[in-house]
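The values are calculated or read from the model by the stated rules, or taken from the named source; none is laboratory data. The structure presented is a predicted model; accordingly, all values stated were derived computationally and were not measured. Note that we place each Cβ from the backbone using ideal geometry, even for glycine, and neighbour counts take in every protein chain shown.
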Amino acid sequence: MSLEKRVRRDPLAAFLVVVWALTISLAAITRGIGEERAYGLFTLAVMTPLAAAIIVVGVGEGRVGIGALLRSGLRWRFAPRWYVVAALAIGAVYLVAGAVAGGVELGAPSQGLGPFALRQAQILVGEELGWRGLALARARERLGSLGAALAIGAQHALWHVPLYLILGRALPVPFWFLLASALTWSVLWMLLLARTGSVLACMVLHLSINTWAAVIDLPAEALGPVLAGYALLAVGAAALLPRPLVRFHV
């Protein structure tokens, strides 16, 4: 079987192989190269989902497929309520959790608004068209809407580990918290993708996640309330997902 036929037969598996190969390769060459160069490799690593998606779609579907993938990130005409959900759902959880834990402090991104905005633009384009535009959409065909959300959410959480290895830093939160968060976010991403057909909606949610985290300073005691809020959010979003929720299709 030719490479093109293999990719067409299983683009999800091809994407995962390529994105992990690219990310781990970048992580493997960071040892002893210095902080400035490591940050440059980190910048490239953030773009690996987009690169993997373009490679896989290009091999399997050609320029037409690549165009369709890129246009999904520009599809802005969908019901306003989904913009509201994407922009405010995570912030509501953070604010309530902070209040329960004893208080919320608001601030500005530590690196400044300009660098923060540039970094977020790179993250949104680099991650969303790959993880949501290709991986989540294709996983839904095989695993159902909820099954796909959980499977891709776990992959997305794990993928962050080599990113921080490139920077030579520890994860900013315990991995179990990152995983629980990523699974909740992924259910929301699946809901937005299924109901709007737009990766742009997923980009808005991703931007809101990072922005709320940057401007709200939560105490350590808020981790429990945040997880409780995430659980309620995930259950509510799962109830709105299209059926089947779970399937196994090879």
List pairs: first residue in region 33-53 and farther than 21 Å from Leu134 by Cα and in contact (Cβ under 8 Å) with a residue 60 or more places away in the chain, second residue in a loop (DSSP other than H, G, I, E, B) and among the polar types (S, T, N, Q) anywhere in the structure, Cβ distance under 7 angstrom, at least six positions apart or on different chains. Ala38/Thr30; Leu41/Thr30
Scan region 204-239 residue by residue and report those that are β-branched (Val, Ile, Thr) and surrounded by 14 or more Cβ atoms within 10 Å (Cβ to Cβ). Val204, Ile209, Thr211, Val215, Ile216, Val226
Among the residues of region 122-134, is any surrounded by 12 or more Cβ atoms within 10 Å (Cβ to Cβ), under 18 Å from Leu163 (Cα atoms) and out of contact with any Leu (no Cβ under 9 Å at 6 or more places or on another chain)? yes
Restricting to region 188-203, name every residue that is surrounded by fewer than 24 Cβ atoms within 10 Å (Cβ to Cβ) and either under 21 Å from Ala231 (Cα atoms) or aromatic (Phe, Trp, Tyr) (or both). Ala194, Arg195
For region 5-25, does any single residue satisfy the condition of being in a helix (DSSP H, G or I), of a type outside the set (Val, Ile, Thr), modelled with pLDDT under 95 and crowded, with 18+ Cβ neighbours inside 10 Å? no
Determine whether region 103-115 contains at least one residue that is among the β-branched types (Val, Ile, Thr), over 23 Å from the mean Cα position of the chain (by Cα), under 25 Å from Ala234 (Cβ atoms) and surrounded by 12 or more Cβ atoms within 10 Å (Cβ to Cβ). yes
